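Trainee: Below you'll find the structure I mean.
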Amino acid sequence: MGRGACGPVTAELTDRVEKTGAQRVKAIVRHLSQHAPRLADLDEEQLEQLARVVVAETLKDELRQAADLERIPYAQERECYLERAGRAGSKHTRLAYRAALDRLEAWCAPRGLSPLELIPALADDWIESMKAEGLAPSSVHLMVAASSSFWTWLERRHRELHNPFRGTRSRPLKKPARRLQVPSEGEVKLIEKVANGWLKAAVVLMNQVGLRVGALPSLSITGSHFTCMSKGREQVGLIPEEARKAVGRAGLPLRSPFEGKKVNKIEDALKYLTKKLEGQGRIRGAYSAHDLRHAFAVRLYRRTHDVYALKGALGHANVAVTEAYLRSLGLER
């Protein structure tokens, strides 16, 4: 992709620099003749010689920078970064970061740029182009955050690079987080009662253990403990007896109750059920799988007022995430 992707400095690049240099010399001569009274005694030939010296020094720096970029294996660094991002987070994190870099590269390509050539002004232009497309502010934030994270990674590996996204003012303002929907205890009990089979077991687990729906396919129960993979990290904990019995009553194996179940199938089945109950006027909203996790969080925090216990139960990476979660649920630490 453009310069900086791979390979040596090409003849095409050299020709481009020479043409650019000639254009700059003419521009500088015009500027000096009009706006530099101290050089008024020089004739046009002398002005051109002076301009050539200035342009030569500038082009030397630009060629050196281009040569430095050519030595950076962009494609290799990109894949290495995405692989590590996947190990540190979830599969969805890696996909989101890949989509952001793909979008940035697609913007650079018609401009003859490598992403490695971005300067702050160009980074701002890319952000503004996404806003002009009508991309949601949250999506723009994600694209910028992912790209900036990649550049921070590159900075640590190549001292000649600097993150062009750092300090940008083009990123759209964040909208205040909306108050999350939380089903009442009575509503959750009704949903549990109406659900059948494996869906009933899933509802009980999400409500009583606080598991993400994405953790259910990897869930394994041994005695009074459970293990699962949640957002790329292993989560372990105690499982309430009622939740354990719900799995048994549904005829599901404790070691892998939801193996083979697609996450979107679980989400869609619950959404269909709650939408039906909402239409009947029996609950206030068509609750999602994550709303059951919200109900668990509210119940646990109101009982314990222990943000660290809640962090562990929810499997959050750090307590700051849990505190933000509490604020979005209308609770303050």
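Trainee: Looking at this model, which pairs from Lys131/Lys271; Lys200/Lys271; Lys200/Lys265; Lys193/Lys261 are more than 24 angstrom apart at the alpha-carbon?
Mentor: Long pairs (Cα-Cα over 24 Å): Lys131/Lys271.
Trainee: For the range 219-237 and the range 192-209, what is the centre-to-centre distance using only Cα atoms, to the nearest Å?
Mentor: The two parts, judged by their Cα centres, are 17 Å apart.
Trainee: Go through the range 113-165 and name the trypsin sites (Lys or Arg not before Pro) that are in a DSSP coil and have 14 or fewer other Cβ atoms within 10 Å of their Cβ.
Mentor: Arg159
Trainee: Within the range 231-322, list the GluC sites (Glu not before Pro) lying in a DSSP loop whose Cβ has at most 14 other Cβ atoms in a 10 Å radius.
Mentor: Answer by residue number: Glu259.
Trainee: Report the net charge of residues surrounding Gly315, where surrounding means a beta-carbon distance below 13 angstrom and charges are Lys +1, Arg +1, Asp -1, Glu -1.
Mentor: Values: positive: Arg212, Lys231, Arg233, Arg293, Lys311; negative: Glu234.
Around Gly315, the charge tally is +4.
No lab work stands behind these numbers, since they all come straight from the coordinates. Remember, predicted model here, so these are calculated numbers, not experimental data. As a convention, Cβ positions derive from the backbone with ideal geometry for all residues, glycine included, and neighbour counts pool all protein chains shown.
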